[in-house]
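What follows is a single structure, written as structure tokens, with notes after it.
Taken together, the values in this text are just the output of simple stated rules run on the coordinates, not laboratory data. Fair warning: this is a prediction, and the values are worked out from it, not measured in the lab. Every residue, glycine among them, receives a Cβ derived from its backbone with ideal geometry; neighbour counts consider all protein chains shown.
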Amino acid sequence: MHKDYIINHLGENREQYFNAVSPPIIQSSNFKFDDIESFRKAISDEQHEHIYTRGNNPTVAILRQKLAALEETEDALVFSSGSAAIAAAIMSHAKNGDHIVCVNNPYSWTINLLKNYLAQYGVTHTFVDGKDLQEIEKAIQDNTTILYLESPNTATFELQDLEACAALAQKKGIVSMIDNSYSSPLFQNPATFGIDVVIHSVTKYINGHSDVVMGAVCASKKIISKIFINEYMTVGAIVSPHDAALVLRGLRTLKARMRYIHDNAQEVIHFLDHHPLVEKIIYPFHKDFPQLELAHKQMAGAGGLFSILLKAEKKEQVYQFVKHVQHFLFAVSWGGHESLILPFISVFDIPGHPEPNVPWNLIRFYVGMEDPDFLIEGLEAGFQAMN
Ligand SMILES: *Cc1c(COP(=O)(O)O)cnc(C)c1O
């Protein structure tokens, strides 16, 4: 199915709502029935019928269909955050006594889920170097149920070979899952390499306007159905019809945004690459990236998120740089219209906060929709202040 068809038409039964181009927001928690028979029929097919919005809602359903199709999976569920989506997917395949193999340095709340939360319920885990297939294979035990990937991650961008990981999981009879937020469904479709479950923080590129928090799980009908009747309906971390409509609006421009952001990032990176105060660029499509070939094999683009190592002798220089950089907002998250800067030095030496597993001169940038010239001017102000 063409991605343009998915984004512009799939799931939109316009004749049902006055041929409106934009779908209505069905802001209703509840749906009525004509008689006992029709209610009985609905209850017997709860996963597809409209009974109550903590199950199905017509506006949310359009979004689910589009996300599933974009990831080339049979079905999808959307959740009130990316973290809720990750938790639902992992919990659906982890019961007491089970073991999970997860790549090093995934999203911070994924670490928390495995280390602190699921550990309480007797679910164990092993973190592995995702670059090393043998290490992954060695970590898989008899009670392992999930191979959890994040390729690339969003700080240091290590990749996993999706085709090889999917084959390994199939051979071992375990479920493979990936956090695909970095690439969006336009730059990488893990299901086409055989990965079973594809997860997104919709908050990032898919919505793209920094005004909604949402997550998605895309997988087979069988897996989605299992998650629907358990984690989805029970925990109830659903999205409102209004947020679904906002994300549908964001989706309309996903293609244009991704292309623009990717091109923008190349120009900003080119400037940084030639700057004497930059020690290193860390970006999957950079010529020095150790897994560049793999990145080109499985990703169609790399978007706007990358890191640099600043050439600084003293921590104070990083502080000065960050203080004087213009046009980049100092913030977490990414994937919106606005460019961002996140210096990892800001999470070192905080009492009670785990020390990050990265160098203190690592700075993450997200290049959004501004002109590259404007952004480069903002960066120059930071470099000038370092001397
Ligand atoms: C932001 C993010 C998440 C969490 O998503 P939320 O929508 O913030 O809950 C998960 N994974 C990655 C890679 C992210 O960047």
task = Run down Asp161, Asp142, Asp132 and say which single residue is acidic (Asp, Glu) and touching a His at 6+ places or on another chain (Cβ under 9 Å).
result = Asp142
request  = With the checklist (1) without any contact (Cβ under 8 Å) to a residue 60 or more places away in the chain; (2) within 17 Å of Glu267 (Cβ to Cβ); (3) not hydrophobic (A, V, I, L, M, F, W, C) in hand, flag the one item Ser346 doesn't pass.
outcome  = (2)
request  = State all residues of region 214-235 that are within 16 Å of the ligand (Cβ to nearest atom) and either surrounded by fewer than 19 Cβ atoms within 10 Å (Cβ to Cβ) or closer than 22 Å to Val175 by Cα (or both); if no residue qualifies, say none.
outcome  = Gly215, Ala216, Val217, Cys218, Glu231, Tyr232, Val235
note = When (1) farther than 30 Å from His50 by Cα; (2) aliphatic (A, V, I, L, M); (3) outside any helix (DSSP H, G or I) are applied to Leu77, the one that fails is (1)
message = If Asn56 meets every condition in (1) in contact with a Phe, Trp or Tyr (Cβ under 7 Å, 6 or more places away or on another chain); (2) within 14 Å of Met233 (Cα to Cα) apart from one, which number is that one?
response = (1)
task = Select from region 223-255 the residues that are closer than 20 Å to Ile26 by Cα and either in a loop (DSSP other than H, G, I, E, B) or in contact with a Ser or Thr (Cβ under 7 Å, 6 or more places away or on another chain) (or both) and list them in ascending order.
result = Gly236, Ala237, Ile238, Val239, Ser240, Pro241, Ala244, Ala245
Given (1) within 16 Å of the ligand (Cβ to nearest atom); (2) of a type outside the set (A, V, I, L, M); (3) touching an Asp or Glu at 6+ places or on another chain (Cβ under 8 Å), index of the condition Gly208 fails = (3)
query = Pairs, please: C-beta under 6 Å, at least 6 apart or cross-chain, first residue touching a residue at least 24 places away in the same chain (Cβ under 8 Å) and in region 12-40, second among the charged types (D, E, K, R) and surrounded by 10 or more Cβ atoms within 10 Å (Cβ to Cβ)?
reply = Pro23/Glu12
Residues that are assigned to a helix (DSSP H, G or I) and either of a type in the set (Lys, Arg) or on the phi > 0 side of the Ramachandran plot (or both), drawn from region 39-74 = Arg40, Lys41, Arg64, Lys66
key: Matching option when the condition is out of contact with any His (no Cβ under 6 Å at 6 or more places or on another chain), closer than 22 Å to Leu159 by Cβ and surrounded by fewer than 21 Cβ atoms within 10 Å (Cβ to Cβ), among Phe348, Phe365, Phe285, Phe330   = Phe285
request  = Could you please tell me which pairs satisfy a Cβ distance under 8 Å, a separation of 6+ or placement on different chains, a first residue in region 273-295 that is more than 24 Å from Gln384 (Cβ to Cβ), and a second residue that is of a type in the set (S, T, N, Q) and outside any strand (DSSP E or B)?
outcome  = Pro284/Gln291; Phe285/Gln266
message = For a quick check of your reading: which helices (runs of 4 or more DSSP H) sit entirely within region 80-196 and have at least 2 residues that are within 16 Å of the ligand (Cβ to nearest atom) and without any contact (Cβ under 8 Å) to a residue 60 or more places away in the chain?
response = 108-112
